[in-house]
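Participant: A single structure is presented below for examination.
The values are calculated or read from the model by the stated rules, or taken from the named source; none is laboratory data. Nothing here was measured: the structure is a model prediction, and the numbers come from that model. Reconstructed Cβ throughout: ideal geometry from the backbone, glycine too, with neighbour counts over all protein chains shown.
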Amino acid sequence: MEGPARKGALGEAYQPPPPEPSGEKTLNVALYPYVPSPLSFVVAIELLWKNLRPDYQLNWYFYDCYHEEPPPTIDVFAFDCIYVDDLVAAAKVDPIAQAEIVDFADIMPFAVSAAAIAGQGGSFAGIPYLGCMSVLYHRAADKAFESPPLSIEALLKILGNAKYEGPEPGSNEGLLVDLGGKTTDACLYASCWRSETNSWWPTSMPMPIPPRLEPEPMGALRALRNMGGTKQAQFHDSGYARTNWFESGLGRALVGLTETMSGWSPETIDELRLCPLPISLGSDARKVPCYADAVGIRPGLGEEREAALQLANVISSVEVARLTTMSDGAHAQYLTPSRRSTLEELSEAPYVAARYKEIRQVLVGGEYEPVPFRLGKGVRAWAKPAGEAIIAELFPKAKDEPEAFFARPPRHHGYGRTPAGLWRRER
């Protein structure tokens with residue numbers, strides 16, 4: 001845990017060079033960086049690992065799956081399961097058999113499907129250890145949101161189009177949403193496409209290059225932009241601007257992730273309610289795309305594979321989830337679990353139970369149908385140009401628009417742990 005290795009575990013503003021190959025009785029490890037507290041995972045895993053395998057040293061490094069494929073010198077690494085098919089095709093992961101996954105039956109179905117290798121029954125690219133879903137926050141006193149599941153059309157009837165001109169919304173007015181991130185917009189577009197075509201995984205999504213944007217999902221994104229306002233929806237948040245606005249009473253609803261709550265006080269969270277983000281213009285609004293982050297192992301480990309597999313199971317364990325999500329409420333991360341037992345435990349835990357019961361209602365309550373968010377082979381090559389095309393379509397730049405409005409604000413090294421960084425998957 002010394003020097004740049006530990007610093008990498010905490011997250012970097014830029015992608016550092018890959019590590020040197022691990023030596024004997026050593027594993028190079030990279031966790032999913034887009035969580036409110038990456039260090040809490042390092043501490044929890046180290047604690048459990050030292051009891052299990054004191055003969056092995058863990059070297060922690062930074063790896064961002066949204067920027068590149070995993071370096072061959074990282075032995076155990078986390079990745080978003082949208083890249084499963086690309087990782088398998090490029091032989092970047094060593095398949096893990098179902099029998100090698102501890103408490104496999106405890107992993108929720110959406111996460112199982114997200115990590116499974118297509119065409120290889122009972123084989124997985126990695127072991128799911130985190131879930132994720134886009135949610136809509138509103139105030140508990142706002143009774144207009146009391147009849148979910150909502151479609152985008154229903155949300156538009158509640159909010160209407162934004163009437164404010166600047167990025168800062170009015171009091172209890174409009175939708176706070178960031179549509180300025182390429183990866184985020186590509187994923188939102190894909191979610192809307194799947195909903196409008198009713199083509200869910202395991203059907204692969206067409207991903208032509210150059211991207212071809214279909215009218216129905218773009219109509220859904222335009223509706224979100226109009227509810228948020230053009231200036232607000234493309235505003236480059238330096239970290240907490242939108243969540244601070246919402247906490248102070250500005251905006252009527254806010255789009256984020258469950259972990260967005262990590263930036264609010266317990267008192268604010270008590271006054272809010274959440275539901276899945278509407279992605280359907282008017283079709284079945286019960287289906288909720290759910291992401292999964294998994295931990296995989298690199299091919300060619302030889303005798304070290306046994307230890308790497310043990311570590312992957314530790315990272316995805318209930319114990320790590322408990323140590324990183326249980327808190328006094330003041331520093332809860334509000335991560336979406338991949339395991340049912342963790343979800344049930346959090347739904348009864350002090351301080352966090354109320355919001356986790358809402359999350360539970362989405363994932364296992366029966367009112368919604370969680371579906372794995374996965375697109376198929378080619379997503380890495382498609383997502384960036386697709387995101388650029390979507391942004392150009394949503395926000396055509398006027399000739400007299402000040403250049404500074406579109407510029408990114410200065411980034412601090414912890415940007416990826418802020419609500420804005422978590423949503424954009426940027427550092």
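Participant: Where in segment 54-135 are the strands (runs of 3 or more DSSP E), entirely inside, with at least 2 residues that are small (Gly, Ala, Ser) and surrounded by 24 or more Cβ atoms within 10 Å (Cβ to Cβ)?
Facilitator: In segment 54-135, no matching strands (runs of 3 or more DSSP E) lie anywhere.
Participant: If you check every pair at least six apart or on different chains, which have Cβ atoms under 8 Å apart with a residue in segment 408-427 that is on the phi > 0 side of the Ramachandran plot first and a residue that is among the aromatic types (Phe, Trp, Tyr) and at pLDDT 85 or above second?
Facilitator: Once the first residue is on the phi > 0 side of the Ramachandran plot and sits in segment 408-427, its partners that are among the aromatic types (Phe, Trp, Tyr) and at pLDDT 85 or above give 425/34; 425/66.
Participant: Looking only at segment 263-304, which residues are among the charged types (D, E, K, R), touching a Leu at 6+ places or on another chain (Cβ under 8 Å) and not in a strand (DSSP E or B)?
Facilitator: Across segment 263-304, the qualifying residue is only 304.
Participant: Here's a follow-up. Can you work out which of the residues in segment 180-202 that are in contact (Cβ under 8 Å) with a residue 40 or more places away in the chain and in a loop (DSSP other than H, G, I, E, B) is farthest from residue 232 (Cα to Cα)? Give the steps one after another, and end with the answer.
Facilitator: The first filter runs over segment 180-202 and keeps only residues in contact (Cβ under 8 Å) with a residue 40 or more places away in the chain, leaving 180-192, 194-196, 198, 200-202.
Within this subset, residues satisfying the condition of being in a loop (DSSP other than H, G, I, E, B) are 180-181, 198, 200-202.
Numbers: 180: 10, 181: 13, 198: 30, 200: 31, 201: 32, 202: 35 Å.
Filtering segment 180-202 for residues that are in contact (Cβ under 8 Å) with a residue 40 or more places away in the chain and in a loop (DSSP other than H, G, I, E, B), the one farthest from residue 232 (Cα to Cα) comes out as 202.
Participant: Determine which member of the set 305, 298, 286 is at pLDDT 95 or above and either of a type in the set (A, V, I, L, M, F, W, C) or surrounded by fewer than 19 Cβ atoms within 10 Å (Cβ to Cβ) (or both). Give the steps one after another, and end with the answer.
Facilitator: Values: 298 fails: either of a type in the set (A, V, I, L, M, F, W, C) or surrounded by fewer than 19 Cβ atoms within 10 Å (Cβ to Cβ) (or both); 286 fails: at pLDDT 95 or above.
Result of the check over 305, 298, 286: 305.
Participant: What is the residue count in segment 203-253 for residues that are farther than 29 Å from residue 378 by Cα and not in a helix (DSSP H, G or I)? Write out each step before concluding.
Facilitator: Taking segment 203-253 and keeping what is farther than 29 Å from residue 378 by Cα, we get 226-232, 235, 237-253.
Narrowing the set further to residues that are not in a helix (DSSP H, G or I) leaves 229, 235, 237-240, 248-253.
Counting residues in segment 203-253 that are farther than 29 Å from residue 378 by Cα and not in a helix (DSSP H, G or I) gives 12.
Here is a yes/no grid of residues against (1) touching a residue at least 12 places away in the same chain (Cβ under 8 Å); (2) closer than 18 Å to residue 170 by Cα; (3) small (Gly, Ala, Ser):
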{"site": "212", "(1), (2), (3)": "no, no, no"}
{"site": "219", "(1), (2), (3)": "yes, no, yes"}
{"site": "230", "(1), (2), (3)": "yes, yes, no"}
{"site": "237", "(1), (2), (3)": "yes, yes, no"}
{"site": "242", "(1), (2), (3)": "yes, yes, no"}
{"site": "246", "(1), (2), (3)": "yes, yes, no"}
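Participant: Got a number for residues in segment 337-395 being outside any helix (DSSP H, G or I), within 20 Å of the chain's Cα centre (by Cα) and aliphatic (A, V, I, L, M)? Quick ask: steps written out before the conclusion?
Facilitator: As a first pass, look at segment 337-395 and keep what is outside any helix (DSSP H, G or I): 337-339, 347-352, 364-378, 395.
From what is left, the residues that are within 20 Å of the chain's Cα centre (by Cα) are 337-339, 352, 364, 368-378.
Checking which are aliphatic (A, V, I, L, M) leaves us with 352, 364, 371, 375.
Total meeting the criteria: 4.
The rows are residues; the columns are (1) touching a helix residue (DSSP H, G or I) at 6+ places or on another chain (Cβ under 9 Å); (2) farther than 20 Å from residue 426 by Cα.
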{"position": "20", "(1), (2)": "no, yes"}
{"position": "67", "(1), (2)": "no, no"}
{"position": "76", "(1), (2)": "yes, yes"}
{"position": "82", "(1), (2)": "yes, no"}
{"position": "94", "(1), (2)": "yes, yes"}
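Participant: Further, regarding this structure: Could you tell me which residue of segment 11-53 is nearest to residue 312 (Cα to Cα), considering only residues that are among the small types (Gly, Ala, Ser) and not in a helix (DSSP H, G or I)? Working first, answer last.
Facilitator: From segment 11-53, those among the small types (Gly, Ala, Ser) are 11, 13, 22-23, 30, 37, 40, 44; that's our starting set.
Checking which are not in a helix (DSSP H, G or I) leaves us with 11, 13, 22-23, 30, 37.
Working: 11: 20, 13: 26, 22: 16, 23: 18, 30: 11, 37: 19 Å.
In this case the residue turns out to be 30.
Participant: Just checking, does segment 178-186 include any residue being farther than 22 Å from residue 214 by Cβ and surrounded by fewer than 23 Cβ atoms within 10 Å (Cβ to Cβ)? Quick ask: steps written out before the conclusion?
Facilitator: Going through segment 178-186, the residues farther than 22 Å from residue 214 by Cβ turn out to be 178.
In the following step, the residues that additionally are surrounded by fewer than 23 Cβ atoms within 10 Å (Cβ to Cβ) were identified as none.
Checked segment 178-186: no residue is farther than 22 Å from residue 214 by Cβ and surrounded by fewer than 23 Cβ atoms within 10 Å (Cβ to Cβ).
Participant: Identify the residue in segment 26-53 that is of a type in the set (S, T, N, Q), closer than 21 Å to residue 294 by Cβ and surrounded by fewer than 23 Cβ atoms within 10 Å (Cβ to Cβ) and, among all such residues, is nearest to the chain's Cα centre (by Cα).
Facilitator: Filtering segment 26-53 down to residues of a type in the set (S, T, N, Q) leaves 26, 28, 37, 40, 51.
Next, from what is left, pick out any that are closer than 21 Å to residue 294 by Cβ: 28, 37, 40.
From what's left, surrounded by fewer than 23 Cβ atoms within 10 Å (Cβ to Cβ): 37, 40.
Details: 37: 14, 40: 18 Å.
Once the filter is applied, the top-ranked residue is 37.
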